[in-house]
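Novice: I'd like to ask some things about the structure below.
The values are calculated or read from the model by the stated rules, or taken from the named source; none is laboratory data. Please read these numbers as outputs of a predicted model, since none were measured by experiment. Ideal geometry is used to build each Cβ from the backbone, glycine not excepted, and the neighbour counts take in all protein chains shown. For accessibility, only protein heavy atoms count, side chains too; no ligands or nucleic acids. Shrake-Rupley method; radii C 1.70, N 1.55, O 1.52, S 1.80 Å.
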Amino acid sequence: MWRGWRWLTIAIVCSGMLAATAGNVLARDLRLATTTSTDNSGLLGYLLPRFEAAHGIKVIVISVGTGKALKLGENGDVDVVLVHSRPDEDRFIEQEHGVNRRDVMYNDFVIVGPLVDPAALRGGRDAVKAFGKIMDARSVFVSRGDDSGTHKMELRYWSELGKQPTGNSGYRSAGRGMGEVLLMASELSAYALTDRATFYAMKDKVDLEILVQGDPRLFNPYGVMAVNPAKYPDINFDAAMRFIDWLTSSQGQQAISEFKVDGKQLFFPNAAP
Amino acid sequence: MELIETTRQALRLLFAGDAELWRIVWVSLKISVGALLLMSPVAIAVGYLLATQRFPGRRIIVVVTQALFAFPTVVVGLLLYMLLSRQGPLGSLHLLFTQTAMMIGQMLIAAPILVAFTLSAVQGADARVRETAIVLGAGRWRTALTVLTEVRFGVMAALFNGFGRVISEVGCALMVGGNIAGMTRNMPTAIALETTKGEFAQGVALGIVLMVLALGVNFAMSWAQGAGAQPQ
Amino acid sequence: MNMASTVPVALRDGAGDRDAHDRVVVSCHGLKRSIGAQVILDVNRLRLARGRIYLLSGPNGAGKTTLLRVLAGLDRASCAAFQFDGEAIDLAQYPQSVRRRIGFVHHHPLLFSTSLHANIGYGLKAAGVARAEAKRRIADAIEWAGLGGLVDRPSRALSAGEKQRVALARAHALDPVLYLLDEPKANLDERGREMVTSLIGC
């Protein structure tokens, strides 16, 4: 009996890795790899029914970190990728894993922290300066640490500051999603960098508030791109192109600006016409 | 081929002595071995008492222990999370997302296994062991120690079994540990993390370590059972 | 030495040192053990004197082993009046001091899976006998039982007769005033029986 669960655990871990590598091929639905922020905020739940109604294509959403989303595209496990990390997106196109990259929208990031605010960030605007204060005060900071777009954005601020984040004894690299990181920061009375949408969605569950916002460096652009059909002839390239076209069309763009949480607009369309 | 390339990278990480990788292995071993060392004296004592004493409610405890055997670890994690959370009754201890919390979780997960295995080992012991100790004038403690020594292979089987369960346990470790790099990131949670990052090599490398450990524990188990089964 | 007539167990006064001081070691009245409603042992009166050897005989299931186990404190029994070595004892709370003066050996004795020395010294260690003293008494017991050639053998490699002798030596090391031996010669070969006979003197 005991052998059972030992091997079962390992089998599940292994099959998890295999499944992630191999992916599962589904008929002619469109497989979209995207970041947790678009899914958790409810944006996709608002946009996709409109796209599906217009084109009769069912969209299957795989919501993961930016790194994994791009990896899924690179392996041909999905047809289209919607992420937010420009340097990685450009590399993805350069290495010919994807084609037809288009700007879609941006959202913005905020630095949140405990109400007592030990590093005195409240009311600040400069994200990099705020990070410097957190480090000087040796305050606890919970990092995504999962190679996601948010994580990469955070790492850019540390490098602009010219500091190694791990030099701060309060730095906690969680390796988890935005929601978990916010809960963790709340439990640890710590600071965190988060997208505004996820923070609003979690606001009632955490003892955190927005302390720093409005820095243009906190704006976070999203890009969409199709997986290269030359590399994977069996992917659903046609549906991917139709999705990209719809998202950057005036209808798609308008839908993005109409999406609101608690009366607040979270994503701002910026597709080139 | 992605799978072969990943495996090659994994082996390179393993044999190049990648510091981060081995640190994760170290955290895992420290927490799991620590949890077993702290839990086993209590659990073995409880198993021994359940096997040797008759008292009201004993059967219920035995049945509950056996039921807890297959208790989902995520539920243990959830309960512990709620206890240790800032709003929880033990929130003031600030234990959430620490190695201590993970150790407590693993202690709770290992306890029923240790108790049940000790119970059946002691029940399976020759009644004359206890009687001989008693008639030679041994007190309660010496009698217990003598019986447990005589069934030491069964007790070892309990420990190996408990270790096998906690070392590969992911649900509770992730919930109460939080997978913080260098602090509460152990092998199972790291494997889960590396997969979400799309970086499979480290996950595969840790998977290999985990499987080697599981195999080692299996061999140790069958050795213990074989040695214990030898005729008196 | 009168046994209850309802239970067909006979206690026969056997060989022994009849000239020894005839002091009573065990005396009791109305010794009874029941499991549920069934009385499995009912001894009206029992008197055992120091320096004597008693043989307990009767058919299977008569209660011979049970009587020994009750006297050794392994099985519970009620007793109107129980005296051990001149001391009144409550059988329900069988005291350690009595236990250490009784040497009980099982029908098929069990040796702990430790060394022969540790087996023989077990009771001494439990009684808190000092190391040097214990060592001496272990050596005496080994000599008494003629086990000198076996000390390095693991206990599971001993024959039934050898185990029997180790078990007797283990009881002997505690220097009890009363030995309770449950069929000490059963299942032994001729040589084994002879050796046990020479040890216990009957």
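Novice: Out of (1) in contact (Cβ under 8 Å) with a residue 40 or more places away in the chain; (2) outside any helix (DSSP H, G or I), the odd one out for A:Met241 is which?
Specialist: (2)
Novice: Show me the helices (runs of 4 or more DSSP H) found entirely inside segment C:89-195 where at least 3 residues are within 12 Å of chain B (Cβ to nearest Cβ) and open to solvent by 40 Å² or more (accessible area, probe 1.4 Å). Give the steps one after another, and end with the answer.
Specialist: Values: elements: C:96-99, C:116-126, C:131-144, C:160-172.
Counting at least 3 such residues, we get C:160-172.
Novice: With A:Val116, A:Val112 as the choices, which residue is not in a loop (DSSP other than H, G, I, E, B) and not assigned by TED's automatic domain parsing to the domain that holds A:Pro49? Explain how you work it out, then say what you get.
Specialist: Working: A:Val116 fails: not in a loop (DSSP other than H, G, I, E, B).
Only one candidate qualifies: A:Val112.
Novice: Here's another thing I want to ask about it. Working only within segment B:43-70, note down all residues that are in contact (Cβ under 8 Å) with a residue 12 or more places away in the chain and open to solvent by 80 Å² or more (accessible area, probe 1.4 Å).
Specialist: Listed by number, the list holds a single entry, B:Gln66.
Novice: Which numbered condition trips up C:Asp22, out of (1) open to solvent by 40 Å² or more (accessible area, probe 1.4 Å); (2) at pLDDT 90 or above; (3) assigned to a loop (DSSP other than H, G, I, E, B)?
Specialist: (2)
Novice: Kindly state which strands (runs of 3 or more DSSP E) lie completely within segment A:138-197 and contain at least 2 residues that are within 13 Å of chain B (Cβ to nearest Cβ) and open to solvent by less than 10 Å² (accessible area, probe 1.4 Å). Please lay out each step first, then the result.
Specialist: Numbers: elements: A:141-143, A:171-173, A:192-195.
Because the criterion is at least 2 residues that are within 13 Å of chain B (Cβ to nearest Cβ) and open to solvent by less than 10 Å² (accessible area, probe 1.4 Å), the strands (runs of 3 or more DSSP E) in segment A:138-197 that meet it are A:141-143.
Novice: Going by the structure shown, is B:Phe71 aromatic (Phe, Trp, Tyr), part of a helix (DSSP H, G or I) and farther than 27 Å from C:Asp182 by Cα? So that I can check it myself, show each step before the final result.
Specialist: Numbers: aromatic (Phe, Trp, Tyr): yes; part of a helix (DSSP H, G or I): no; farther than 27 Å from C:Asp182 by Cα: yes.
Considered against the rule, which asks whether it is aromatic (Phe, Trp, Tyr), part of a helix (DSSP H, G or I) and farther than 27 Å from C:Asp182 by Cα, B:Phe71 comes out as no.
Novice: Counting only residues that are within 14 Å of another protein chain (Cβ to nearest Cβ), over 18 Å from A:Arg31 (Cβ atoms) and crowded, with 16+ Cβ neighbours inside 10 Å, how many does segment A:69-102 have?
Specialist: Qualifying residue count for the region: 2.
Novice: What do you reckon, is B:Leu108 within 18 Å of the chain's Cα centre (by Cα), modelled with pLDDT of 95 or more, over 30 Å from C:Arg76 (Cα atoms) and open to solvent by 10 Å² or more (accessible area, probe 1.4 Å)?
Specialist: Working: within 18 Å of the chain's Cα centre (by Cα): yes; modelled with pLDDT of 95 or more: yes; over 30 Å from C:Arg76 (Cα atoms): yes; open to solvent by 10 Å² or more (accessible area, probe 1.4 Å): yes.
The answer is yes for B:Leu108.
Novice: So in segment A:51-68, with the set limited to residues that are more than 15 Å from A:Ala240 (Cα to Cα) and touching a helix residue (DSSP H, G or I) at 6+ places or on another chain (Cβ under 9 Å), which one is farthest from the other protein chains (Cβ to nearest Cβ)? Please lay out each step first, then the result.
Specialist: Of segment A:51-68, the ones more than 15 Å from A:Ala240 (Cα to Cα) are A:53, A:63-68.
Still in the running and touching a helix residue (DSSP H, G or I) at 6+ places or on another chain (Cβ under 9 Å): A:63-68.
Numbers: A:Ser63: 11, A:Val64: 6, A:Gly65: 6, A:Thr66: 9, A:Gly67: 5, A:Lys68: 4 Å.
Here the answer is A:Ser63.
Novice: Next question. In this structure, is A:Val206 within 28 Å of B:Thr184 (Cβ to Cβ) and surrounded by fewer than 22 Cβ atoms within 10 Å (Cβ to Cβ)? It would help to see each step written out before you state the result.
Specialist: Details: within 28 Å of B:Thr184 (Cβ to Cβ): yes; surrounded by fewer than 22 Cβ atoms within 10 Å (Cβ to Cβ): yes.
The answer is yes for A:Val206.
Novice: Also, quick follow-up: In segment A:92-134, which residues are touching a Phe, Trp or Tyr at 6+ places or on another chain (Cβ under 8 Å) and without any contact (Cβ under 8 Å) to a residue 40 or more places away in the chain?
Specialist: Result: A:Phe131, single match.
Novice: On the basis of being within 14 Å of chain B (Cβ to nearest Cβ), open to solvent by less than 30 Å² (accessible area, probe 1.4 Å), farther than 30 Å from B:Ala116 by Cβ and modelled with pLDDT of 90 or more, does A:Asp117 make the cut? Break it down stepwise before answering.
Specialist: On the way: within 14 Å of chain B (Cβ to nearest Cβ): no; open to solvent by less than 30 Å² (accessible area, probe 1.4 Å): yes; farther than 30 Å from B:Ala116 by Cβ: yes; modelled with pLDDT of 90 or more: yes.
Taking the combined requirement at face value, the residue does not satisfy it.
Novice: If I ask for residues that are assigned to a helix (DSSP H, G or I), facing another protein chain (nearest Cβ under 10 Å), under 28 Å from B:Arg59 (Cβ atoms) and open to solvent by less than 30 Å² (accessible area, probe 1.4 Å), which ones from segment B:122-146 would you list?
Specialist: B:Val129, B:Thr132, B:Ala133, B:Thr143, B:Thr146
Novice: For segment C:47-72, enumerate the residues that are farther than 22 Å from C:His107 by Cα and part of a strand (DSSP E or B).
Specialist: C:Arg47, C:Ala49
Novice: Across segment C:61-74, what is the number of residues that are over 19 Å from C:Pro184 (Cβ atoms) and either away from every other protein chain (no Cβ under 14 Å) or in contact (Cβ under 8 Å) with a residue 40 or more places away in the chain (or both)? Steps first, answer last, please.
Specialist: Filtering segment C:61-74 for residues over 19 Å from C:Pro184 (Cβ atoms) gives C:61, C:73.
Imposing the further condition that a residue be either away from every other protein chain (no Cβ under 14 Å) or in contact (Cβ under 8 Å) with a residue 40 or more places away in the chain (or both) reduces the set to C:61.
Selection size over segment C:61-74: 1.
Novice: Just to be sure, is B:Thr195 open to solvent by less than 40 Å² (accessible area, probe 1.4 Å), away from chain A (no Cβ under 14 Å), in a helix (DSSP H, G or I) and not hydrophobic (A, V, I, L, M, F, W, C)? Walk me through how you get there before you give the answer.
Specialist: Numbers: open to solvent by less than 40 Å² (accessible area, probe 1.4 Å): yes; away from chain A (no Cβ under 14 Å): no; in a helix (DSSP H, G or I): yes; not hydrophobic (A, V, I, L, M, F, W, C): yes.
So B:Thr195 fails the test.
Novice: List every residue pair whose Cβ atoms sit under 9 Å apart, with the two residues 6 or more apart in sequence or on different chains, where the first one lies in segment B:189-217 and is modelled with pLDDT under 85 and the second, anywhere, is of a type in the set (Phe, Trp, Tyr).
Specialist: From residues that are modelled with pLDDT under 85, the pairs are B:Glu194/B:Phe200.
Novice: Name the residue that is farthest from B:Met156 (Cα to Cα), counting only residues in segment B:202-216 that are open to solvent by 10 Å² or more (accessible area, probe 1.4 Å) and more than 7 Å from every other protein chain (Cβ to nearest Cβ).
Specialist: The extreme case among them is B:Gln202.
Novice: Hey, another quick one. Please go through segment A:174-208 and give me each residue that is among the charged types (D, E, K, R), under 16 Å from A:Val110 (Cβ atoms), out of contact with any Pro (no Cβ under 8 Å at 6 or more places or on another chain) and touching a residue at least 24 places away in the same chain (Cβ under 8 Å), ordered by number. If you could, list the steps in order and put the result at the bottom.
Specialist: Residues of segment A:174-208 that are among the charged types (D, E, K, R), as a first pass: A:176, A:180, A:187, A:195-196, A:203-205, A:207.
Among the residues that remain, those that are also under 16 Å from A:Val110 (Cβ atoms) are: A:195-196, A:203, A:207.
Checking the rest, the ones that are also out of contact with any Pro (no Cβ under 8 Å at 6 or more places or on another chain) come to A:195-196, A:203.
Answer for segment A:174-208, where residues must be among the charged types (D, E, K, R), under 16 Å from A:Val110 (Cβ atoms), out of contact with any Pro (no Cβ under 8 Å at 6 or more places or on another chain) and touching a residue at least 24 places away in the same chain (Cβ under 8 Å): A:Asp195, A:Arg196.
Novice: Kindly indicate whether B:Leu119 is within 30 Å of C:Gly73 (Cβ to Cβ), assigned to a helix (DSSP H, G or I) and more than 14 Å from every other protein chain (Cβ to nearest Cβ).
Specialist: On the way: within 30 Å of C:Gly73 (Cβ to Cβ): yes; assigned to a helix (DSSP H, G or I): yes; more than 14 Å from every other protein chain (Cβ to nearest Cβ): yes.
For B:Leu119, the condition - within 30 Å of C:Gly73 (Cβ to Cβ), assigned to a helix (DSSP H, G or I) and more than 14 Å from every other protein chain (Cβ to nearest Cβ) - is met.
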